[in-house]
Structure formats: C-alpha cells, structure tokens
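The values are calculated or read from the model by the stated rules, or taken from the named source; none is laboratory data. This structure is a prediction, so every number in the text was calculated from the model and none was measured. Heads up, the Cβs are rebuilt from the backbone with ideal geometry, glycines too, and the neighbour counts pull from every protein chain shown. What goes into the accessible areas is simple: the full protein's heavy atoms, side chains included, and nothing from ligands, DNA or RNA. Shrake-Rupley method; radii C 1.70, N 1.55, O 1.52, S 1.80 Å.
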Amino acid sequence: MSQYSETIERVMELLGRLPGIGARTAERLTFHLLKADDAEALALADAIRDLKTKIRPCSVCFNPTEHDVCNLCADERRDRSTICVVEQPKDLLALESTGAYRGVYHVLMGAIDPLHGVEPEDLTVDQLVHRVGAGGVNEVILATNPTVAGDGTSLFVAERLAGTTVKITRLARGLPAGGQIEYANKSILSDAINERRGV
C-alpha cells in the first residue's frame with residue numbers, strides 16, 4: 001500500500017512517464033508543484049492544456065505552430081528553393097540556431113523504424129514529394145540523424161524523389177570541431193575521410 005494519496009501517486013506516475021524523469025525526480029516535481037502557489041501550478045496546467053489544444057502541424061512543413069502556417073514558412077525572406085528535411089522539430093531548432101541556413105524545412109515527424117512500429121506511411125514523406133512536385137524547389141537537403149533509422153529514412157526519401165529534377169544532398173559528417181582523432185569512433189573517422197574537402 002502506498003504512503004501517498006491516490007492523487008499524489010497519479011501525478012508522480014504521470015510525471016514519471018516523461019522522458020528522462022525517474023521515480024525520484026517525479027516525486028520531487030510532484031512535491032514542488034504541491035508546495036507551489038496555486039497560480040504557478042495552475043499556469044503549468046493551463047500551458048500543458050494549450051500545448052495539446054492550440055498546437056498543430058504547419059500545413060506546409062509540419063513544424064508545430066499555433067497557426068495554419070508556421071513563422072518560418074510565412075517568412076518571405078526564406079529561400080523556398082531549398083528544403084532541409086529533418087526528423088523532428090527539435091532537429092529543426094538545432095539547425096536554425098546556427099544561423100547558417102536560410103532555406104525552408106520539412107519535418108518528417110520521425111524516422112522509419114519497423115522494430116518500433118514506425119513505417120514510411122507514418123511519416124510526412126508523401127507531403128514532401130508533393131511539395132517538390134509542385135515546383136520551385138532546386139535542392140533537398142537530407143538532414144536526418146546519422147543512425148541506422150536516419151540513414152534508412154534518408155535512402156527512402158531519396159528513392160521517392162529520384163524521379164524529380166531536384167538536387168538531393170546530405171549533411172556532411174565527420175570529426176566535430178575541437179575533437180581529437182584518437183577518441184573518434186570508426187564510423188566518425190570513416191565519414192570524415194569520405195566527406196573530406198579541399199583546403
């Protein structure tokens with residue numbers, strides 16, 4: 001029998017389902033919310049409710065937004081001839097934070113991973129093919145993660161776009177800036193050699 005009330009147990013259990021939150025952290029968070037003033041705790045509840053009721057996928061790129069079209073797709077200064085394809089919205093944010101890319105994006109909402117029940121039809125590949133087919137796109141950058149699932153997804157997307165005239169590229173891979181060769185694994189070293197460029 002639990003030492004906590006049913007309500008406290010329920011909050012702890014739900015918080016514990018979040019990624020990176022273990023039982024002890026869920027317990028600490030629950031008691032923090034319990035001690036917080038009503039306005040703070042209810043503001044969090046309202047924000048979570050808004051997250052689920054107001055956020056929807058952008059009708060163009062599938063990045064989460066409160067509007068039909070996200071801010072990036074609505075920005076007339078973006079280069080619409082280049083589409084950077086990413087797995088998740090957080091990948092888009094990471095690339096965008098560099099300030100090095102001025103094109104538009106397409107969020108697949110995952111990677112093909114049959115072992116975890118993610119099939120090609122679960123992703124937004126058909127919508128990407130439709131976007132490219134509508135014209136005006138010169139290059140598609142495949143920016144999926146350098147994992148088995150990410151590489152397989154990139155290959156699938158490239159095959160789906162093979163009949164088009166767009167240039168299909170992939171993010172370069174290799175040694176990170178400041179890294180040391182002796183500590184790099186074989187995959188990184190192999191990519192670094194294969195993706196070498198002129199000096």
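Assorted remarks:
- Filter result for the condition that a residue is surrounded by 12 or more Cβ atoms within 10 Å (Cβ to Cβ), of a type in the set (A, V, I, L, M, F, W, C) and in contact with a helix residue (DSSP H, G or I) (Cβ under 6 Å, 6 or more places away or on another chain), over 84, 73, 61: 61
- Residue 79 satisfies every condition listed in (1) closer than 11 Å to residue 143 by Cβ; (2) in contact with a Gly (Cβ under 7 Å, 6 or more places away or on another chain); (3) not small (Gly, Ala, Ser) except (1).
- For region 28-41, taking the residues that are assigned to a helix (DSSP H, G or I) and of a type in the set (A, V, I, L, M, F, W, C), the one that is most open to solvent (accessible area, probe 1.4 Å) is identified as 34.
- Of everything listed in (1) closer than 23 Å to residue 95 by Cβ; (2) exposed (fewer than 15 other Cβ atoms within 10 Å of the Cβ); (3) not small (Gly, Ala, Ser), the single unmet condition for residue 156 is (2).
- Top-ranked residue in region 119-153 [being of a type in the set (Val, Ile, Thr) and open to solvent by 60 Å² or more (accessible area, probe 1.4 Å); ranked as nearest to residue 94 (Cα to Cα)]: 147
- Any hit, region 171-182, residues being acidic (Asp, Glu) and either touching a helix residue (DSSP H, G or I) at 6+ places or on another chain (Cβ under 7 Å) or open to solvent by 70 Å² or more (accessible area, probe 1.4 Å) (or both): yes
- Pair list, Cβ under 7 Å, 6 or more apart: region 176-190 residue closer than 22 Å to residue 148 by Cβ, other residue open to solvent by less than 100 Å² (accessible area, probe 1.4 Å) and part of a loop (DSSP other than H, G, I, E, B): 184/175; 188/174; 188/175
- Residue check for residue 25: open to solvent by less than 60 Å² (accessible area, probe 1.4 Å) and part of a helix (DSSP H, G or I): yes
- Scope region 183-199; condition among the hydroxyl-bearing types (Ser, Thr, Tyr) and open to solvent by less than 60 Å² (accessible area, probe 1.4 Å); matching residues: 190
- Answer from 44, 93, 15 - the residue that is among the aliphatic types (A, V, I, L, M), free of Cβ contacts under 8 Å to residues at least 60 places away in the same chain and surrounded by 16 or more Cβ atoms within 10 Å (Cβ to Cβ): 15
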